[in-house]
Amino acid sequence: MNHPLGRYRLLAALALAVLGACAASPRPAPIDPASSAGTFSARRLQPPAPELSTTAADWNRAQWLLAALQFNPQLAEARAAVAAAASAERTAAQHPNPTLNLFTEYVGAAAHSAAWLYGLSLDFLLRRPGDRARAIDYAAVETALARSDLTESIWSVRSELRLALLDAVSARDEATLLEALVAERQTLLASDRARADAGDISRAQPLADELELTRAQQRERHAQARGADALARVAVAVGVPLAALDGIVPRWDDWADIDQLESSALASEAHDGTSRQDWRIAALVGRPEIIHALGQYDLAEISLQNEVAKRWPEVHLTPGYAWGDHGVREDAFNDFAQETAVGVNLELPVFNQHQGQIGEALARRAAAGQHLVAVQAELFGQIDRAEQAWPRARAAWQDAAAVVAIANRQHDVEQRALSAGAGDRASLAAADVAATEAQLLLLAAAYDAECAFGALEDAYRRPLQGEEGSLAPGVPAASAPAASAPGASAKPAT
């Protein structure tokens, strides 16, 4: 290496290595908001998978969920976050690159002979034992956190989609009943006006009828507005513009049959051998919020280990080489034609032993532990409330079904009396109104029960009915099919 040509070759090889490392770079990928907005507005519910081969108007809830899993931008963002976190694992596994330092210095001597000295040095970081393993573990935990966030995002989309579909179908059924109620109240108003003109009843009664008619018309408009808003929320949950749902009427035919929700999925023992107590325990230790809190605790623990390890210094090994064409040649002690050196740099723990940083890491770990306890306590409350709310909501629906049965019997009596000539059409019109109001009461109770059932699913983080679990990654499958039971009888036709 004493020959100048050899030194030049070494410098050229190092320069080529550095330039080669800097040459490769990803291609630019600019984002145009106008283009992305146009792409989103052009989205339509074209079947992207064999499971969605039918038209959207015939989809069940599982197929709507599958569409959301493929279209929803928030889920795509969460998946990208998982990929970004996973890519950090490769970075954590890398060994640190050495640092190249090029230098020159002017060397003089007492013999009045001097020359320039040229050199280079490399700085190698000798990491502490376990640093790389901890970095890999830290990156792996962050990837697990991103996956738990994705799982929670999937469930949030599923919950929002279920509620939006429920609002859409319930508002449509409510608007249908209210349309019938408006017609019945108009009939009752016309009948009472005729009776008031004949002097059979007070003039105040038609005014009361007119007030109730106005209220029914307002309720109908409110139900129509609620249905339109629900359809927009369905589009948001799926991840398409509202225009993609033009002409599509979501289906959920048996949503108001609450008896079919009381299936083996809510019995003490499910078909797979698990019980509601098992689901409760699984939710308290395995819900994404718990996984996330555990991951945060693990990150705090690894950070603490890193701070403890810093009590031992990192070592920087710095070999160097220098040379010059001329120099002092008076004797061998003053020959600076070439020079080789090795340096070692390390931190001296003289003023502190990283006790401050270790104390901070200990406090953050304790805070992460308390956060886990707080999350579990919140989940306890959510599960307890859901478990208490569901049977009460179902009992309220049963009470409303009893009201419907009474109203239907009253209607039958008035119908038979009119047929026998012992009744009048005003009484039958009033019975029609009472029966329809009872149906609306039952519909509202069914909606509340469905919401309570959805809250129970949210608490357990598992669908308790249907086929959604088999389609959604990260969403447990339902335990058993629903067993149908006869509900309240429909109002007989006049």
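All of the numbers you see were taken from the coordinates with simple rules; none came from a lab. None of the values given here were measured: they were computed from a predicted structure. Note: ideal-geometry Cβ built from the backbone for every residue, glycine included; neighbour counts use all protein chains shown.
Between SER41 and GLU387, the simple spin-label model (points 7 angstrom out along Cα→Cβ) gives 5.1 nm.
Which loop-located trypsin sites (Lys or Arg not before Pro) does the stretch 153-238 contain, where loop means any DSSP state but H, G, I, E or B and the Cβ has at most 15 other Cβ atoms within 10 Å? Could you put the intermediate results ahead of the total?
Numbers: sites: ARG158, ARG162, ARG172, ARG185, ARG193, ARG195, ARG203, ARG215, ARG219, ARG221, ARG226, ARG233; in loops: ARG203.
Those that pass, being in a loop and sparsely packed, are ARG203.
Distance between the modelled labels on ALA417 and VAL342, one decimal in nanometres: 11.2 nm (7 Å Cα→Cβ projection). Largest first, the extents of the alpha carbon coordinates of the stretch 146-204 on the three principal axes equal 76, 18, 7 Å.
The order of the peptides 238-244, 144-150 by mean Cβ neighbours within 10 Å, most packed first, is 144-150, 238-244.
Taking Lys and Arg as +1 and Asp and Glu as -1, the other residues whose beta-carbon sits under 13 Å from that of VAL240 total +2.
Sparse packing (at most 16 other Cβ atoms within 10 Å of the Cβ) combined with a DSSP loop state is found for none of the GluC sites (Glu not before Pro) in the stretch 130-236.
Neighbour counts of other C-beta atoms within 10 Å: give me TRP155, TRP312 arranged from fewest to most.
Ordered by Cβ neighbours within 10 Å, fewest first: TRP312, TRP155.
Across all directions, the shadow cast by the convex hull of the stretch 57-108 built on its C-alpha atoms averages 6.8 square nanometres.
Normalise the Debye intensity by I(0) for the stretch 298-451, one equal point scatterer per Cα, no solvent, then take log10 at q = 0.09, 0.13 Å⁻¹ and round to two decimals. Calculated log10 I(q)/I(0) at the listed q: -0.68, -0.87.
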